[in-house]
Amino acid sequence: MSNQPLSSNIKIAILGSRGYPYVYSGYETLVKELGERLQKRGVEVHVYCHSALFADKPKKVNGINLVYLPAIEQKSLAQLTHSFFSMVHACLSDVDVIFVVNSGNGLFGIISRIFRKPTAINVDGLEWLRPKWKGLGAKYFLFASRMATKLYDRIINDSDEMQKVYQELFNAQSTVIAYGANPTYHSDPSKIAKWGLEKEGYYLIVGRMIPDNNADLLVEGFIQSHSTRKLVIVGDVPYQDAYAGKLKNIKDERLIFTGYVTDPEELKALYHNCFAYFHGHEYGGTNPTLLKALGYGCAILALDTRFSRETLQNGKHGWFFDKNPASVSTWIAKAENSPIEMQALRETARDGLTQKYNWDHVTDQYLEVFEDLRRGSKGI
């Protein structure tokens with residue numbers, strides 16, 4: 001591949017996320033990082049936005065065209081109905097290729113098939129296994145993921161291990177394009193003072209406070225440890241929730257629940273200055289917060305999954321704990337008794353961000369897929 005970034009005059013519609021420049025999860029991060037780079041390369045980008053989330057509705061931001069559509073405002077239906085309306089609208093437009101995120105939108109490929117619009121879908125993680133989806137929800141996501149492999153022209157997995165899952169479960173061929181990361185080396189250490197924190201005086205968890213991310217396991221394991229450091233939990237859920245409420249009601253003076261941290265400089269400082277970053281995410285492929293921890297130079301303690309092992313190169317850039325509080329506590333003790341090894345993890349963390357996690361390289365790969373689809377090629 002040339003060192004020069006690819007450019008194109010293709011028209012792309014992106015749908016399935018909450019929109020742009022709204023950032024709430026990995027999908028929105030992908031839409032932001034990819035969309036902005038595509039626009040700079042001459043691509044005409046149209047991003048579909050969930051109108052209820054935007055007080056202001058400009059038609060264009062940073063050169064990206066924004067389309068605001070409604071949804072059925074019910075927790076389990078909002079995203080799916082918004083994606084349905086978006087797919088219909090995109091199929092009736094003059095875009096060349098439709099790019100969809102979230103395997104839950106797998107069924108809507110039937111619409112693009114009817115209209116003969118080329119499509120690609122990023123199917124992300126093992127949605128059907130996530131604790132938040134039970135019963136009918138889990139069955140729907142498994143069915144939708146299977147249908148995505150039949151109805152969309154190109155399936156995109158964000159990790160080699162997730163590609164194997166789709167091959168094993170659905171006998172589906174796919175293209176692997178990881179998420180990217182933006183490594184940084186400097187932050188303002190005074191930004192963590194508002195929480196009474198000091199450099200390397202705390203462990204850090206970042207993510208939505210949902211069972212998928214195992215914050216309860218991490219908190220319980222930390223409480224069982226003899227650490228004198230703090231445990232900082234960044235994140236929340238935007239609704240009343242028994243799981244999150246129970247966690248926040250735990251009484252231990254070492255626990256600090258910050259809620260959402262929306263200031264990027266504060267978040268950067270929290271990463272940069274932590275003693276170690278805890279990663280408990282279980283069901284995804286390449287996880288954006290784990291990449292962020294590498295990019296910010298964190299020593300990482302991660303739940304032992306095939307996905308974390310891929311990103312951390314099987315232990316080269318992090319240590320792994322088992323899915324029980326005793327293991328978490330044991331690895332905390334090991335970390336606190338191994339200052340030299342922990343410093344080595346911090347110093348080499350950014351080396352883990354190989355080319356596959358470079359946003360410009362990620363954009364090159366997506367642009368190749370989109371150009372192939374415009375030309376009528378559907379192979380991987």
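Scanning segment 173-194 for residues that are part of a loop (DSSP other than H, G, I, E, B) and either crowded, with 16+ Cβ neighbours inside 10 Å or on the phi > 0 side of the Ramachandran plot (or both) yields S174, I177, A178, Y179, G180, P183, S187.
Select from segment 333-379 the residues that are among the β-branched types (V, I, T) and closer than 30 Å to Y203 by Cβ and list them in ascending order. Talk me through it step by step, then tell me what you get.
Of segment 333-379, the ones among the β-branched types (V, I, T) are 340, 348, 354, 362-363, 369.
Scanning segment 333-379 gives I340, T348, T354, V362.
For beta carbons closer than 8 Å, sequence separation of 6+ or different chains, a first residue in segment 73-96 that is over 14 Å from V47 (Cα atoms) and a second that is part of a loop (DSSP other than H, G, I, E, B) and among the hydroxyl-bearing types (S, T, Y), the qualifying pairs are K75/Y239.
Counting only residues that are over 21 Å from Y283 (Cα atoms) and crowded, with 17+ Cβ neighbours inside 10 Å, segment 303-335 holds 4 of them. Taking the numbered list (1) in contact with a helix residue (DSSP H, G or I) (Cβ under 7 Å, 6 or more places away or on another chain); (2) touching a residue at least 60 places away in the same chain (Cβ under 8 Å); (3) over 19 Å from S308 (Cα atoms) in turn, Y185 passes all entries but (1). The set of residues from segment 81-109 being in a loop (DSSP other than H, G, I, E, B) and either farther than 18 Å from K150 by Cα or outside the structural domain of E44 (by TED's automatic domain parsing) (or both) comprises L92, S93, D94, V95, D96.
Yes or no: E282 in a helix (DSSP H, G or I), out of contact with any Cys (no Cβ under 6 Å at 6 or more places or on another chain) and of a type outside the set (G, A, S)? No; evaluated as a whole, the condition is false for this residue.
Residue check: is I156 part of a strand (DSSP E or B) and in contact with a Leu (Cβ under 9 Å, 6 or more places away or on another chain)?
Details: part of a strand (DSSP E or B): yes; in contact with a Leu (Cβ under 9 Å, 6 or more places away or on another chain): no.
When the stated conditions are applied, I156 does not pass them.
Screening segment 248-302 for residues that are surrounded by fewer than 18 Cβ atoms within 10 Å (Cβ to Cβ) and in contact with a Ser or Thr (Cβ under 8 Å, 6 or more places away or on another chain) and picking the one that is modelled with the highest pLDDT gives R254.
Residues of segment 195-213 that are outside any strand (DSSP E or B), in contact with a strand residue (DSSP E or B) (Cβ under 9 Å, 6 or more places away or on another chain) and at pLDDT below 95: G207, M209, N213.
Please go through segment 97-125 and give me each residue that is more than 30 Å from R306 (Cβ to Cβ) and in contact (Cβ under 8 Å) with a residue 12 or more places away in the chain, ordered by number. V97, I98, I110, I111, S112, R113, I114, F115, K117, P118, listed by residue number.
For V176, are the conditions met, namely being in the same structural domain as K150 (by TED's automatic domain parsing) and in contact with a Ser or Thr (Cβ under 8 Å, 6 or more places away or on another chain)? Give the derivation first.
Values: in the same structural domain as K150 (by TED's automatic domain parsing): yes; in contact with a Ser or Thr (Cβ under 8 Å, 6 or more places away or on another chain): yes.
For V176, the condition - in the same structural domain as K150 (by TED's automatic domain parsing) and in contact with a Ser or Thr (Cβ under 8 Å, 6 or more places away or on another chain) - is met.
Picking from S112, S145, which residue would you name as being of a type in the set (G, A, S), buried (at least 18 other Cβ atoms within 10 Å of the Cβ), outside any loop (DSSP other than H, G, I, E, B) and more than 23 Å from the chain's Cα centre (by Cα)? Explain how you work it out, then say what you get.
Numbers: S145 fails: more than 23 Å from the chain's Cα centre (by Cα).
Answer to the check: S112.
Restricting attention to segment 115-142 and to residues that are outside any loop (DSSP other than H, G, I, E, B) and of a type in the set (V, I, T), the residue that is surrounded by the fewest Cβ atoms within 10 Å (Cβ to Cβ) turns out to be T119.
Looking across segment 8-43, the residues that are free of Cβ contacts under 8 Å to residues at least 40 places away in the same chain and of a type outside the set (K, R) come down to N9, Y22, V23, Y24, E28, G35, E36, Q39, G42. Report yes if L53 is in the same structural domain as S174 (by TED's automatic domain parsing), surrounded by 20 or more Cβ atoms within 10 Å (Cβ to Cβ), within 24 Å of the chain's Cα centre (by Cα) and at pLDDT below 95, otherwise no. Against the criterion (in the same structural domain as S174 (by TED's automatic domain parsing), surrounded by 20 or more Cβ atoms within 10 Å (Cβ to Cβ), within 24 Å of the chain's Cα centre (by Cα) and at pLDDT below 95), L53 does not qualify.
Pairs linking a residue in segment 341-352 that is in contact (Cβ under 8 Å) with a residue 40 or more places away in the chain to a residue that is surrounded by 12 or more Cβ atoms within 10 Å (Cβ to Cβ) and in a helix (DSSP H, G or I), with Cβ atoms under 6 Å and 6 or more positions apart or on different chains, are M342/A335; A349/L294; G352/L294.
A quick yes/no check of all residues on (1) out of contact with any Pro (no Cβ under 6 Å at 6 or more places or on another chain); (2) within 26 Å of T305 (Cα to Cα):
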position: A172; (1), (2): yes, yes
position: P189; (1), (2): yes, no
position: I205; (1), (2): yes, yes
position: P211; (1), (2): no, yes
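Out of everything in segment 7-22 that is surrounded by fewer than 19 Cβ atoms within 10 Å (Cβ to Cβ), of a type outside the set (S, T, N, Q) and not in a strand (DSSP E or B), what residue ends up being modelled with the highest pLDDT?
Of all residues in segment 7-22, those surrounded by fewer than 19 Cβ atoms within 10 Å (Cβ to Cβ) come to 7-9, 11, 21-22.
Cutting the leftovers down to of a type outside the set (S, T, N, Q) gives us 11, 21-22.
Filter again for not in a strand (DSSP E or B), leaving 21-22.
On the way: P21: 90, Y22: 80.
Going through the qualifying residues, I end up with P21.
For Y152, state whether it is buried (at least 19 other Cβ atoms within 10 Å of the Cβ), under 25 Å from Q313 (Cβ atoms), aromatic (F, W, Y) and free of Cβ contacts under 8 Å to residues at least 60 places away in the same chain.
no
The values are calculated or read from the model by the stated rules, or taken from the named source; none is laboratory data. Predicted, not measured: the structure shown is a model, and the values here were computed from it. Note that we place each Cβ from the backbone using ideal geometry, even for glycine, and neighbour counts take in every protein chain shown.
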